[in-house]
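*Asks:* Structure below; questions to follow.
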Amino acid sequence: MEDRASEAKATLSSVGLSNIIRCVDAQDKSNVDLTCEVLKVCFEKFDVGHVVKQFIAHIMFLLRHEQDCVRRLAIEEVYKSVTTDLSLLPVPQYIDLFVAISQMVCDQDVGIANKAVLITSNLPFEAYPKVLEEMKIALDHNSSSKCNAYEVAINISLKSPELFKLCVDYGYIEHMVLELDTSDVLYQLNILELLSRLAMKLYGIQYLVKGGDLKRISTLMADLDKNPLGSLLVPGYMKFFGSMAHYCPKEILEKYPVSLNLVFNAIDSDDQAILLVALDTLGFIGKTTEGKLCLAAVGSKFIGAVEKIGTFIKNSPTEVKVRAAQCFTSLISVEMDAKDNGPVDHRVTLMTREWFRTINKEAGATETLFDMCKNPFPDIKLAGFNLLDAVCQHLWGEQEVARVAGFVEYLLDRTVSDSKEGKEAKYNIIKRLSQSPAFDDNIQARLQQYIEEGPFYIDGDMDVILGNGE
């Protein structure tokens, strides 16, 4: 291998890289392709970063070449260097290279543009003032190029408040919000998706609120019913406001009620795609203790939505049933809030019990959940186990499980066929129940035995019965 590397380096030294690169200017595209293959083989013999550092002028030339295959070859060398070790290309010496790469987010070749986004999103901090200034040329191009520039801006904004401020100062965030007022639905959805990521940071939310951008976006949301293509935009707006409300539920839900009304209306929608996003959004908002309390404060509209979701769990197509159960899992669980490590709020205990009961007021919510856990379809069963795990985070839930005849026995039955994920979920539930005062000593002993044996234990006698014994 070392001999081959030495041979390649010697070839480049003796023949001269300049002479090889001249071949990429050939009129015959097959010669250009062949030259790229030769260069690729030679480049592979060098250590990462060496080609860029030793032949920077040539790399800059190749990055600007009219042929896609040539630009692709050059940008791949830069990508390997940046992703391997940022220190390989110090900013002062290679800032022109980074600027050139950042402007390639406008490249007509999607693969090259995507690689430029990845590289530009992961540069050293000190490169960004110049890079962000020069990358603004993308904002004068088509929607695809602008989205690529926005993606870079969001990627680096998420790294720190300082980098976010830099993106704000160069106008990227404001440009994104203003561009939402467009008739291009796909473009609008892409912007909303990126803004949803920004809403994961408190400083991002504060900027959108204080600058009036959130108010502008909520106005666009309120006018969706007037837009003939509004139904296509509903999922994007729900995801955006769902992200905002997850991190700042009180401020968002109180000041922008239109966002939650959109979710409630979507839960009544006959459009399954919109319904599924609404279920995910409501569950995301209700993951935290503050989110639960803010949703409960909405009153009858929220309770009506909860009751509707309960009907989906009882009787709906598989995907809707699973997502509805996932939504309920988020609403009922008290262990998904990373900020809340204290005792469970008594109000949450009472609220979650009432919400759970709405799943089936006639036959019993726990009985319905038991049926779901016994469902032969693995995805429905796993969704049932996850909801059961959330229910068992409350004493009232453990008492419900103890009340339903055969439920604990079913959980302890090793002969029931479960997927790996199902066995692990069931094991976690049994660990919870083993600490509960809701069960007598006999059940507690069986629960403890199950825990000691582990989630994947196979009884030796059963193994013989099934024909797997020696």
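*Asks:* Surrounded by 22 or more Cβ atoms within 10 Å (Cβ to Cβ) and in contact (Cβ under 8 Å) with a residue 60 or more places away in the chain, is that true of F356?
*Replies:* Answer is no for this residue.
*Asks:* Can you spot a residue in the range 270-284 that is over 23 Å from Y203 (Cβ atoms), free of Cβ contacts under 8 Å to residues at least 12 places away in the same chain, more than 20 Å from the chain's Cα centre (by Cα) and not in a helix (DSSP H, G or I)?
*Replies:* Yes, the range 270-284 contains a residue that is over 23 Å from Y203 (Cβ atoms), free of Cβ contacts under 8 Å to residues at least 12 places away in the same chain, more than 20 Å from the chain's Cα centre (by Cα) and not in a helix (DSSP H, G or I).
*Asks:* Taking S196 as the residue in question, decide whether it is modelled with pLDDT under 95, open to solvent by less than 50 Å² (accessible area, probe 1.4 Å), part of a helix (DSSP H, G or I) and not hydrophobic (A, V, I, L, M, F, W, C).
*Replies:* When the stated conditions are applied, S196 passes them.
*Asks:* Out of all the residues in the range 200-250, which are open to solvent by less than 70 Å² (accessible area, probe 1.4 Å), part of a loop (DSSP other than H, G, I, E, B) and under 19 Å from D181 (Cβ atoms)?
*Replies:* Residues satisfying the conditions are G211, G212, D223, N227.
*Asks:* In the range 294-322, how many residues are without any contact (Cβ under 8 Å) to a residue 12 or more places away in the chain and surrounded by 15 or more Cβ atoms within 10 Å (Cβ to Cβ)?
*Replies:* 1
*Asks:* So, in the range 165-215, how many residues would count as being hydroxyl-bearing (S, T, Y) and in contact with a Pro (Cβ under 7 Å, 6 or more places away or on another chain)?
*Replies:* Within the range 165-215, residues that are hydroxyl-bearing (S, T, Y) and in contact with a Pro (Cβ under 7 Å, 6 or more places away or on another chain) number 1.
*Asks:* Cβ-Cβ under 7 Å, sequence separation 6+ or interchain: first residue in the range 110-137 and open to solvent by 70 Å² or more (accessible area, probe 1.4 Å), partner assigned to a loop (DSSP other than H, G, I, E, B). Which pairs?
*Replies:* Qualifying pairs under 7 Å: E133/Y170; K136/Y170.
*Asks:* Taking the range 338-348 only, how many residues are surrounded by 15 or more Cβ atoms within 10 Å (Cβ to Cβ) and in a helix (DSSP H, G or I)?
*Replies:* So the answer is 1.
*Asks:* For the range 27-125, list the helices (runs of 4 or more DSSP H) that sit wholly inside it and hold at least 3 residues that are within 20 Å of M135 (Cβ to Cβ) and of a type outside the set (A, V, I, L, M); which are they?
*Replies:* 68-84, 91-103, 110-120
*Asks:* Continuing with the same structure: I need the full set of residues from the range 48-59 which are at pLDDT 90 or above and open to solvent by less than 30 Å² (accessible area, probe 1.4 Å), in order please.
*Replies:* Hits for the range 48-59 are V52, I59.
*Asks:* Within the range 370-390, track down each residue that is more than 16 Å from R323 (Cβ to Cβ) and surrounded by fewer than 22 Cβ atoms within 10 Å (Cβ to Cβ).
*Replies:* F370, D371, K374, P376, D389
*Asks:* Now a separate question. Name every residue in the range 154-166 that is assigned to a loop (DSSP other than H, G, I, E, B) and over 17 Å from V117 (Cα atoms), in order of residue number.
*Replies:* Passing the criteria: only S160.
*Asks:* So, one more: Could you figure out which of (1) over 22 Å from the mean Cα position of the chain (by Cα); (2) open to solvent by less than 30 Å² (accessible area, probe 1.4 Å) isn't true of C147?
*Replies:* (1)
*Asks:* Counting just the residues of the range 426-457 that are basic (K, R) and open to solvent by 20 Å² or more (accessible area, probe 1.4 Å), which one comes out farthest from M372 (Cα to Cα)?
*Replies:* R446
*Asks:* Starting from the range 360-388, keep only residues that are free of Cβ contacts under 8 Å to residues at least 12 places away in the same chain, then list their pairs with residues that are of a type outside the set (S, T, Y) and open to solvent by less than 50 Å² (accessible area, probe 1.4 Å) whose Cβ atoms are within a distance under 6 Å, requiring at least 6 positions of separation or different chains.
*Replies:* N375/K381
*Asks:* Can you tell me which residues in the range 167-186 are open to solvent by less than 30 Å² (accessible area, probe 1.4 Å), assigned to a helix (DSSP H, G or I) and farther than 14 Å from V234 by Cα?
*Replies:* C167, Y172, I173, M176, V177
*Asks:* Looking at the range 323-337 only, could you name the residues that are in a helix (DSSP H, G or I) and either among the basic types (K, R) or open to solvent by 20 Å² or more (accessible area, probe 1.4 Å) (or both)?
*Replies:* Hits for the range 323-337 are R323, Q326.
The values are calculated or read from the model by the stated rules, or taken from the named source; none is laboratory data. What you see is a predicted model, and the numbers here were worked out from it, not measured in a lab. Because the Cβ atoms are built from the backbone with ideal geometry, glycine has one as well, and the counts that use them run over all protein chains shown. Ligands, DNA and RNA are excluded from the accessible area calculation, which covers all protein heavy atoms including side chains. Shrake-Rupley method; radii C 1.70, N 1.55, O 1.52, S 1.80 Å.
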